[in-house]
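Working notes, structure below.
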Amino acid sequence: MIKIRVERAVEGIGRTAEEVLNEVDELLGRVAGAVAARARDYAPVRTGRLRESIESRRAGRLKYVVRASAPYAGYVEFGTSRTPPRRYMQRALAEALTVFSAATRR
């Protein structure tokens, strides 16, 4: 006869799920850092202020923010009636999503 202790099984599953969540959180952190780095590479440079304002930070579990804090960052990204969009952030995000997708398939 085989006895299964449900409590131990559930604890084991909980730990495993926790480990998976930690790995995913770590992967998201690396992806956010990669997005910020690529966005810095793609950002047009006149004074360097936009490039220097791009950062990534953890905003909670499984939640990261990549942002450009220069006041004109949105105008450069999306363009205006007089200037075309430069899409430095979207381009970096698209590349990172491809890498993230490949990493999660393993």
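The values are calculated or read from the model by the stated rules, or taken from the named source; none is laboratory data. Keep in mind it's a predicted model, so treat the numbers as computed, not measured. Positions of Cβ are generated from backbone atoms using ideal geometry, with glycine treated the same way; all protein chains shown enter the neighbour counts.
Show the residue pairs that are 6+ apart or on different chains and have beta-carbon atoms under 7 Å apart, the first residue being within the stretch 33-61 and without any contact (Cβ under 8 Å) to a residue 60 or more places away in the chain, the second being assigned to a loop (DSSP other than H, G, I, E, B) and surrounded by 19 or more Cβ atoms within 10 Å (Cβ to Cβ).
Partner pairs satisfying both residue conditions: LEU50/ALA43; ARG51/ALA43; ILE54/ALA43.
Which residue, of LEU50, LEU27, is modelled with pLDDT under 90, surrounded by 12 or more Cβ atoms within 10 Å (Cβ to Cβ) and under 30 Å from PRO85 (Cα atoms)?
Values: LEU50 fails: modelled with pLDDT under 90.
None of the other options fit; the residue is LEU27.
Taking the stretch 53-89 as the search range and keeping residues that are within 25 Å of ALA103 (Cβ to Cβ) and among the aromatic types (Phe, Trp, Tyr), which one is surrounded by the most Cβ atoms within 10 Å (Cβ to Cβ)?
TYR88
Which one is farthest from the chain's Cα centre (by Cα), of the residues in the stretch 67-106 that are under 18 Å from SER56 (Cβ atoms) and polar (S, T, N, Q)?
Among those residues, the one meeting the criterion is SER69.
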